[in-house]
Amino acid sequence: MSETLNNILNELKANATEVAARIYQKQVTTEKVLGVNKGPVRKLAQKYLPNHELGLELWNTNFYETRIMATMILEPKKLTIQDLDGLLKQTESISVIDELTFEVFETFPFNNELFEEWIHHPDLIRQRVAWNSVIVEVHRKRVSLKDADELVTHIEAHLVRAPEVVKYAMNRTLDEIAVTHQTLTERCLKIGE
């Protein structure tokens, strides 16, 4: 373990609380938990931005909080889709998955082929990540009205039967479309009800 990583772990442990630990233990399925709220994690991450190698080292500690911090300091341009997929296979924590994918897709060019592949993937996490990529695209106003309308039509046809882990991301996509494409707002709200 590097000295930097050891210092980060010590600082995180110094900010740990039992209340945060109990909350995360209820939510987290694969990572160990220190019990540090995201505020101190974000503040600590600011000291190390960007640092891809440290981000990977933090990820590999298998602590919830270090993985959240890793998502903040990794350099997405240094990740391939295969790298992202490898990281995703190491966790089932929805908040870690969301943080990772939202950070990565902020800078990744949208990949429609990947979206189509993952939206139909048997793994529900890949499906959620596919929707997360769309959420980023819509939020960044990089989705045309025509494409947004097609997405709404797809969501309308599949939302009711979607598993909860995917349904949440689909609903969030509707929210983003409703905000960025006002002509679709009423339709999105009706579907989301």
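The values are calculated or read from the model by the stated rules, or taken from the named source; none is laboratory data. Model, not experiment: these values are computed from the prediction. As a convention, Cβ positions derive from the backbone with ideal geometry for all residues, glycine included, and neighbour counts pool all protein chains shown. Keep in mind that these areas ignore ligands, DNA and RNA; they rest on the heavy atoms of the full protein, side chains included. Shrake-Rupley method; radii C 1.70, N 1.55, O 1.52, S 1.80 Å.
Worth pointing out:
- Assigned charges on the beta-carbon of Lys, Arg, Asp, Glu; segment 58-98 dipole about Cα centre (debye): 120
- Residue-normalised accessible area of the chain, given per residue in Å² at a 1.4 Å probe: 53
- Against the chain, whose longest principal axis is taken from its Cα atoms, helix 145-158 shows a tilt of about 80°.
- Mean-position separation - Cα centroids, segment 46-85 and segment 107-121, in angstrom: 21
- Net lengthening on full extension, Leu124/Glu186 (0.36 nm per residue, minus Cα-Cα): 19.5 nm
- Between helix 94-107 and the chain: long-axis angle, C-alpha atoms, 0 to 90°, nearest 10: 70
- Neighbour net charge for Phe105 - beta-carbon separation under 10 angstrom, K R +1, D E -1: -2
- Mean Cβ count within 10 Å, highest first, over the residues of peptides 179-192, 125-138, 2-15: 125-138, 179-192, 2-15
- Candidate values (i) 39, 24, 15; (ii) 28, 22, 17; (iii) 32, 18, 15 were compared with semi-axes √(5λ) of the Cα gyration tensor in Å computed on the shown model; the agreeing label is (iii).
- Apportionment of accessible area to carbon and sulfur, the chain, percent (1.4 Å): 50
- Mean ellipticity per residue at 222 nm, deg cm²/dmol - from DSSP H runs of n ≥ 4 across the chain, formula -39500 (n - 2.57): -21000 deg cm²/dmol
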